[in-house]
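Just so you know, all these numbers are worked out from the coordinates, no wet-lab data involved. Predicted model, so just to flag it, every value in this text is computed and none were measured. Glycine gets a Cβ as well: all are built from the backbone with ideal geometry, and neighbour counts include every protein chain shown.
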Amino acid sequence: MPSNVIKGDRVPIRVWAPVHEIESEALRQLKGVASLPWVAHHVAVMPDVHVGKGATVGSVIALRGAVAPAAVGVDIGCGMAAMRTNLTAEDLPDDLKRLRSKIEDAIPVGPNAHAAPVWESAGAGIAARGKALMDRGEGVPAGMLEDARTALDRMLALKAGASAAETAALAKD
């Protein structure tokens, strides 16, 4: 899919989505990020772009010395990780349906994906720290404490909405 470029104050905004379909508030956020002094090269905008709290959902921000593939993850409880495997594109079949099924079987999906908080089954040390974190919640407003419990319960699961697992082949330079 070809990209479009929007002029930013410091770096360009490279968009892999129809620009006319992007919300005006999301465009404002993207332009704000493109004006920051620590942003390098360009701001990348994926097809799932939409306004977020503070940062635009579907954006990847290259920083000097780092990359922020999911800057928005803090407020919606999501994140992204790139994992290198020993596979090459030639190792994969033309039809990736079986691989997709295996990924879906391995990653819990939905708000009730775990029977218990994942930290409870992650080993004694992590379970103790998770319990201590929740026990320290005395005095915290109930809604905030419940949000924290929900976040812990949903770790390592794909929720509904804009969550995804992706497989990609990258070219080596």
**OP:** Take each of the peptides 5-14, 84-93, average the number of other beta-carbon atoms within 10 Å over its residues, and list them starting from the highest.
**Re:** 5-14, 84-93
Original post:
So what's the net charge close to SER35: Lys and Arg +1, Asp and Glu -1, counting the other residues with Cβ under 14 Å from its Cβ?
Top reply: +3
**OP:** Return the distance in nm (one decimal) between the two label points of a simple spin-label model at HIS20 and MET46, each offset 7 Å from Cα along Cα→Cβ.
**Re:** 2.6
**OP:** Subtracting the Cα-Cα distance from 0.36 nm times the residue separation, let me have the gained length for ILE103 to SER35 in nm, one decimal.
**Re:** 20.7 nm
Original post:
With Cβ to Cβ distances under 15 Å as the rule, what net charge do the other residues near GLY8 carry (K, R +1; D, E -1)?
Top reply: +4
